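The values are calculated or read from the model by the stated rules, or taken from the named source; none is laboratory data. In this text, all values refer to a predicted model and were calculated from it rather than measured experimentally. Cβ sites come from the backbone with ideal geometry, for glycine too, and all protein chains shown count toward neighbours. Side chains included, ligands, DNA and RNA excluded: accessible areas come from the protein's heavy atoms. Shrake-Rupley method; radii C 1.70, N 1.55, O 1.52, S 1.80 Å.
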Amino acid sequence: MAREFTKKELSKQQKARAQRVDHTYYAKPHPWRSRMKALSIALPLVALAGLGAFALIPSGAEIYMPGPVSTKHGIFAQRCEECHEAVKDANGKMTFGQVTDAKCTACHDGPVHHENQVYPTHKTLATVNGKEKSIDGPGCFTCHTEHATNVRLTEIADRHCTQCHVDLKVSDGKPLEFASGVKHFNEGHPEFKAKKQGFTDTAALRFGHETHMGATSNVKKPDGSKLSCVDCHRPDKQRAYMSPINYETNCRSCHDIAIPEIANIGAVKLPHDAPDLVSAKLKVAFSDYLLKNGGKLPAQKKPNPKYVPPKPGRPKGKEPEFLEEPDSRSPNDWLKENIDLSLKPLFFPEKGKETSSCAYCHTAKGKDEATGLPILEKTKIPPVWFGHAHFNHESHRVVECISCHTETLTSKSTADVLLPGIDNCKTCHNPAGARSGCNECHYFHDKAGPKVEGMLSIEELSKGVSKKAAPATPAAPAAPGAAATPAPDAAPAAAPAAPAPAEAPKEAPKDAPKDAPKDPPKDAK
């Protein structure tokens, strides 16, 4: 069995070992420690030098950005002066300040939201010519926040809309046209106007979807299959809305307007137009026949009293079914009688024969005293139903039509509004599903007026708007007797000469031009 060491013996052994160790080793030079010390000093210096060099090159401005610029502004992402106002700091050095509306409107048209818009609780601190100024309402940068997203600046938060629409007021005291108390699409948003009780389709046209494609429909396509939505409803060029229903494209193949063999002149294909134009087409057809035949009338066909229909499997008899006799009428009488005979089944059909007449689909509102022809109501089919919102069928192409237009297959009347209601939309557009922000359906700026063409040349866009003189840019009022400061969209390095005081604009920059459209946003086709 091994002997145990006493404490005294262990202490002597430890002291003996300690005497063999050099306690000053760390203070003596060594290649490895020297290299580590040199690296600990050199690497931070190299990093600082690299950051400094990066900050001086054109692309180095990104290190000062809280986030990337939006995709659409990527062409001038390194030119901060294109958006930021150039101002002097407390030490007199030039620096970049806030973004003013003048900087935005140098490239973009920003018409007002509504002529009665008021912002009673909202003030924006804007920098105009180096001076901070409080203006009514939000500025461009208030809603369109750069350096916060790399996708779209138009995707703004709902709070910018609900700041007014949660308690909407108007300045002229007129009743509100738009709903108030809207906090979110899923909270406070009213039913769509077109789907409210009592609202009907006012298109003056007799049509039923059930007749054409319902469960009991007998309408068939040439291949024997039933009609579907896409057989008639085709998207427009932008694939946002459906192209208007057109008779020539959608209806003529089944409901043709043609006068069959009349007076031996052949079939006449008639236009789908006003009654007077249809009548004129017939007059031209009959008149052309007379001109080509030198005024000679075609022979009249009359039933042959001696004609006997052949029995099945037997040859035809010698007697023809009709006999041709010379027409004894004058050309004018022949012309008038045949035109009247052709127009009668179209505009004044006999009872039970309306299916081949205009009255089968159209409604007459009286007769024209001069021509005696009916005056048909205009169809007035709305090209766009949601007048204050926009919609895109292309974004919803994965969903079958009947999932949204649920009442289509049972609709018997044109008066039925077959649009989806708000509850149908909420099944997908909700906080846990698809996006449901205000800007998904609503535009802010009213662009229903004339379309604004491009404002910049390619050179200006690539080299910078701030590089050109901008004498017409609105500026803050100049002090009496002092020259006006340079326009806000001119950089300090390339600032144009200061204009004379008399040429200085009288008003500070506004959010929108004075001649902006006054109507609420419309969805033009």
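Restricting attention to the stretch 321-333, the residues that are assigned to a loop (DSSP other than H, G, I, E, B) and either surrounded by 12 or more Cβ atoms within 10 Å (Cβ to Cβ) or of a type in the set (G, A, S) (or both) total 5. Candidates in the stretch 391-436 are the residues that are in a loop (DSSP other than H, G, I, E, B) and closer than 13 Å to F192 by Cβ; of these, the one that is most open to solvent (accessible area, probe 1.4 Å) is F391.
Is there a residue in the stretch 369-380 that is open to solvent by 40 Å² or more (accessible area, probe 1.4 Å) and either free of Cβ contacts under 8 Å to residues at least 24 places away in the same chain or among the aromatic types (F, W, Y) (or both)? Yes, the stretch 369-380 has at least one match.
For the stretch 78-102, the set of residues classified as modelled with pLDDT of 85 or more and of a type in the set (K, R) is empty.
Residue pairs whose Cβ atoms lie under 6 Å apart, sitting 6 or more positions apart in sequence or on different chains, and linking a residue in the stretch 349-368 that is over 16 Å from H272 (Cβ atoms) to a partner that is open to solvent by 60 Å² or more (accessible area, probe 1.4 Å) and not in a loop (DSSP other than H, G, I, E, B), are E354/Y360; K365/I375; G366/I375; D368/I375.
Among the residues making up the stretch 194-223, those that are in contact (Cβ under 8 Å) with a residue 60 or more places away in the chain and open to solvent by 80 Å² or more (accessible area, probe 1.4 Å) are F199, T202, R206, T211, A215.
When the stretch 247-291 is examined, which residues are found to be assigned to a loop (DSSP other than H, G, I, E, B) and open to solvent by less than 70 Å² (accessible area, probe 1.4 Å)? Within the stretch 247-291, R252, I257, I262, A263, N264, I265, G266, L270, P271, A274 meet the criteria. Scanning the stretch 103-132 for residues that are open to solvent by less than 40 Å² (accessible area, probe 1.4 Å), at pLDDT below 80 and not in a loop (DSSP other than H, G, I, E, B) yields T124, A126, T127, V128. Please tell me if V230 is open to solvent by 50 Å² or more (accessible area, probe 1.4 Å) and either within 25 Å of the chain's Cα centre (by Cα) or modelled with pLDDT of 90 or more (or both). The answer is yes for V230.
Of the residues in the stretch 166-176, none is open to solvent by less than 60 Å² (accessible area, probe 1.4 Å), at pLDDT 90 or above and touching a Gly at 6+ places or on another chain (Cβ under 9 Å).
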